[in-house]
Amino acid sequence: MNRDYKALELDKILEMLADETSCEDSAQRALILEPSNNLETASRRMEDTAAAFMLTARFGSPTISGVKNPSNALQLARTGSSLSMRELLDIAETLRVIRSLQQWRDHCIEVETCLDDRFNALSPNKYLEDKITSAIISEEEIADNASPELNNIRRKMRAISSRIREKLDKMIRSPEYQKLLQDPIVTIRSGRFVVPVKTEHRGQVPGLVHDTSSSGATVFVEPMAVVEANNEIRVLLSREKVEIERILLELSIEAGSFAETIIESYNMVVELDFIFAKARLAYKMKACKPIIADNGHILLRRARHPLLDAKAAVPIDVELGGGYDTLVITGPNTGGKTVTLKTIGLLTLMAMCGLMVPAGEGSILSCFGAIFVDIGDEQSIEQSLSTFSAHMTNIIRILNKAGSSSLVLMDELGAGTDPVEGAALAIAILERLRLQGARIAATTHYAELKAFAINTPGVENGSCEFDVNTLRPTYRLLTGVPGRSNAFAISERLGMDEALVARAKELISDDNQRLEDVVERLERQRQTLEIELKKARSISEAARMSEQKAKQRLAELEQIREREKEKAKAEARRIVEKTRAEAEAIISELDALRKEMNAANFSAQVGEAKSRLRSRLKAAEDAADPVEKFNNSNYKLPRPLVSGDDVVIVDINKNGVVIAPPDSNGYVQVQAGIIKTRVKVDNLRLIETKANKLKPQMSGVTSVRKRAIRKVRTEIDLRGKLTDDGVLELDRFIDEALMSGINQITVIHGKGTGAMRAAVRSHLSGHPSVKSFRPGVYGEGEDGVTVVEIG
């Protein structure tokens, strides 16, 4: 890596970026990332990162894991070579990642970004992915259904093995042979079924000896009764191996036919992983997108060095290349001067790499043709160079190469030699670099450089603030103010004799003393103005918050007013419509009565009409009554009311206390809050206990709702259970899944001896609620699980 980039610690940022990637190729791409001095390239990189950052913030980061470069395997497959099961599974995993990436983008609806061309270049191949995963269970096992021939071979092998076991089981249970056997078990040696026979009884068990125990006490004999069957199994094993090789070759040729599109899609996956890694790094750094220019302008607002603890780092504001092309930073040691230089340089490099930077909104960074750095102690024993010589050698290199598109960062310019000569040399270096058109930031302790910055247009002073009271730097960068050494103030604070300090001040040259006095006055004025500015900002912020609260409250009141207005309008419409209907009904009845005036029963009809009219008016009044009426006919007081009883006034649903018992008209005086009122006794409910208050019954209607909440599971683990118990538990689980509306479940039975797996699949094959089932594929648990479709 470029020595200047390394001095600014760009390599550490790239290592952080590589840690955010999900595959080896994208990590390698991160480590070799080079800053671009082309504005268009840097801007395009930054737009990619910003788009990925936005998508991550809204929809989460896409999952890109487990993907490996399939290029070599696919190139071999394209030439007709057979791939291993591991290589084919890696190709299937790559296809799965390609498919999942495209599905993730499809879910990010209604958003168009500059990354869409990369997502559209992905070519999922579900056909090949499924073909590989359905045929290959793991890198060591091919599925039975990989081909009809393989299924037939394995079925025959299982049948023959079962017959052999039956014969050997009869033998080891036979009293005749039990005394000859070391253990009553059937085992396998060299791929053939054998029984362990005691060495001394070897001649009594006719058969072939395949192995001997380490102690020599046991020989493993293949009884003659099963030799032919074992031979059949060996033949079938050979056929199985040939068939597996044929299947792998067929899959390899199929994969090779899609090699070009898979490799192109994989390259897009690597690029997208790299871009989203930049977005994840930006999120961790709390970074933002800067404005990128090519005019040499740098403006950093609340910038932090990305390698410092974000909680402890003090943000800085710094500008270079706007109104001035050179910034001279002064201040005490450990005050933050070097960190400021590194922050300027490193954030510029990050922007040129397309990385978002830990700085505030509106920050500006430029693309430079070259960035030159002279920071740190570079003395070389091998080259017989002192610290000063090493710095001068580096600065000579910079002077020879720097131009109008260069950024130059120099720490402790002119240090390490005689102060007078060092200061003069430093001024000359700055003047030469300015003539060459470079943007410069340099740190120094020389008063001559402070005066140079004050007297030279285009050169600005900057200082790292120091608190004399606490004898600690604040790490704040102040632009436009030269820094003070604070040597006298620090010495006095530490207890040095005042007369000695006064004598030291007398020994300073008049020019230097006048400069220090000016700087001190400027610093006092700056601190006073800063306090006033802080007060003004505080008052302004308080006023803004008050205005915001007032506007929010006004908006809330306006919403309430509008809602009440709409409610009133709706109620008015309802009353008008009802009244219109009543009026039309009355008019109709009056018309009918007018026609029947001469009828004999006219008076009776008029009376009946009046009665109906009164009923309707009463109903209209009831509808307009805001007090909700309750059906009290079913309630009787458990005892007569007495003074002090707690009661509920039913029609207004308020609690009260009886002041006086019922009078002769059935009215009770009740205190409800601060109001005393007379209430009919049948409009009261007695509260017999404080813990159990009786609520009024509305219209005698009770509504009860119950809901059973069942915890939904989609998988069951039968490992460690007996087969019968496991099948019973599986039945219960299927019933629960059906009631919960689940149509797919996963049964975990493990591999082991295969007994539980066989019992489960045998039971599922006859279950009325099971539509289909299959073994798990690579990534699901392989043959240790069974995936079941129910319904």
_Summed side-chain charge close to THR21 - residues other than THR21 whose Cβ falls under 12 Å, Lys, Arg +1, Asp, Glu -1_ = -4
*Given a Förster radius of 22 Å and the C-beta distance between ASP682 and ILE659 as r, what FRET efficiency does 1/(1 + (r/R0)^6) yield to the nearest 0.05?*
0.75
*About the Cα centre, charge dipole magnitude for the range 201-245 (Lys/Arg +1, Asp/Glu -1 at Cβ), debye*: 200 debye
*Return the Rg/Rh value of the range 354-460, two decimal places, where both radii are evaluated on C-alpha atoms and Rh is the Kirkwood radius.*
1.01
*How far apart, in nm, are two points set 7 Å out from the Cα along the Cα-to-Cβ line at ILE652 and at GLU24?*
8.3 nm
*Using the structure shown, list the pairs from LYS12/LYS286; LYS6/LYS311; LYS636/LYS680; LYS578/LYS654; LYS337/LYS450; LYS12/LYS342 with a Cα-Cα distance above 19 Å, or answer none.*
LYS6/LYS311; LYS578/LYS654
*If the range 109-198 were replaced by its equivalent ellipsoid, with semi-axes equal to the square roots of 5 times the Cα gyration tensor eigenvalues, what would those be, largest first, whole Å?*
55, 15, 10
_Could you report the accessible area of VAL788 in Å², rounded to 10, computed with a 1.4 Å probe on the protein chains as they sit in the structure?_
0 Å²
*For the range 170-276, convex hull volume per residue from C-alpha positions, Å³*: 177 Å³
*Cα-based Rg / Dmax (Å) for the range 38-96*: 17.7, 48
*Would you mind counting up the charge near GLU577? Only other residues with Cβ under 13 Å from its Cβ, with Lys and Arg at +1 and Asp and Glu at -1.*
+2
*Got a sec? What order do PHE276, PHE773 fall in by accessible area at 1.4 Å, biggest, i.e. largest, first?*
PHE773, PHE276
_P(r), alpha carbons of the range 211-370 - 5 Å bins starting at zero, rounded %_ = 1, 7, 11, 11, 9, 7, 5, 4, 4, 4, 4, 5, 4, 5, 5, 5, 4, 3, 1, 0, 0
*asked:* Against the 2.2 N^0.38 Å scaling, with N counting residues, where does the range 1-62 land? I'd like the Cα-based Rg ratio to two decimal places.
replied: 1.26
_From the protein chains alone at 1.4 Å, what is the descending order of accessible area for ARG573, ARG239, largest first?_
ARG573, ARG239
_How big is the range 225-306 along each principal axis, measuring the range of its Cα positions in Å and listing the largest first?_
91, 31, 13
_Normalised convex hull volume, the range 268-348, alpha-carbon set, Å³ per residue_ = 112 Å³
*asked:* Between LYS170 and ASP117, how high is the FRET efficiency from 1/(1 + (r/R0)^6) when r is the Cβ-Cβ distance and R₀ = 60 Å? Nearest 0.05.
replied: 0.25
*Efficiency of FRET from Cβ geometry, ARG44 and LYS551, R₀ 41 Å, rounded to 0.05*: 0.50
_Please list, ordered by chain and number, the residues whose modelled amide H lies under 5 Å from the amide H of VAL357; skip anything fewer than 5 residues away on the same chain._
CYS288
*Post the alpha-carbon centroid distance, the range 732-791 to the range 53-124, in whole angstrom.*
30 Å
*Given a cut-off of 24 Å, name the pairs among LYS131/LYS771; LYS167/LYS241; LYS131/LYS278; LYS284/LYS551 whose C-alpha atoms lie farther apart than that in the structure shown.*
LYS167/LYS241; LYS131/LYS278; LYS284/LYS551
*Consider a paramagnetic label point 7 Å from the Cα of TYR667 along Cα→Cβ; state which residues of the range 675-689 have an amide N under 19 Å from it.*
675-685
*LEU399: accessible area at probe 1.4 Å, nearest 10 Å²?*
40 Å²
*In whole angstrom, how far apart do the alpha carbon centroids of the range 330-368 and the range 399-421 sit?*
19 Å
_Treating only the Cα positions of the range 747-791 as identical point scatterers, give the base-10 log of I(q)/I(0) from the Debye formula at each q in 0.28, 0.29 Å⁻¹._
-1.01, -1.05
_Using distinct alpha-carbon pairs, which all enter the 1/r mean, Kirkwood radius of the range 651-690 in Å_ = 10.5 Å
*asked:* Loop-only GluC sites (Glu not before Pro) in the range 140-223, please: DSSP not H, G, I, E or B, and at most 13 other Cβ atoms within 10 Å.
replied: GLU140
*Take the alpha carbon atoms of the range 712-791, find their radius of gyration, then divide it by 2.2 N^0.38 Å using N residues; give the quotient.*
0.98
*For the range 164-207, what is the per residue volume of the convex hull drawn over the alpha-carbon atoms, in cubic angstrom?*
71 Å³
*Pairwise centroid distance, computed over Cα atoms, of the range 150-225 with the range 548-582, Å*: 93 Å
*In the neighborhood of ARG163, defined by Cβ-to-Cβ distances under 12 Å, what is the net charge if each Lys or Arg adds +1 and each Asp or Glu adds -1?*
+1
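The values are calculated or read from the model by the stated rules, or taken from the named source; none is laboratory data. Computed from a predicted structure; not experimentally measured. A quick note on method: Cβ atoms are made from the backbone with ideal geometry, for glycine too, and the neighbour counts reach across all protein chains shown. Note: areas computed on protein heavy atoms with side chains; ligands, DNA, RNA excluded. Shrake-Rupley method; radii C 1.70, N 1.55, O 1.52, S 1.80 Å.
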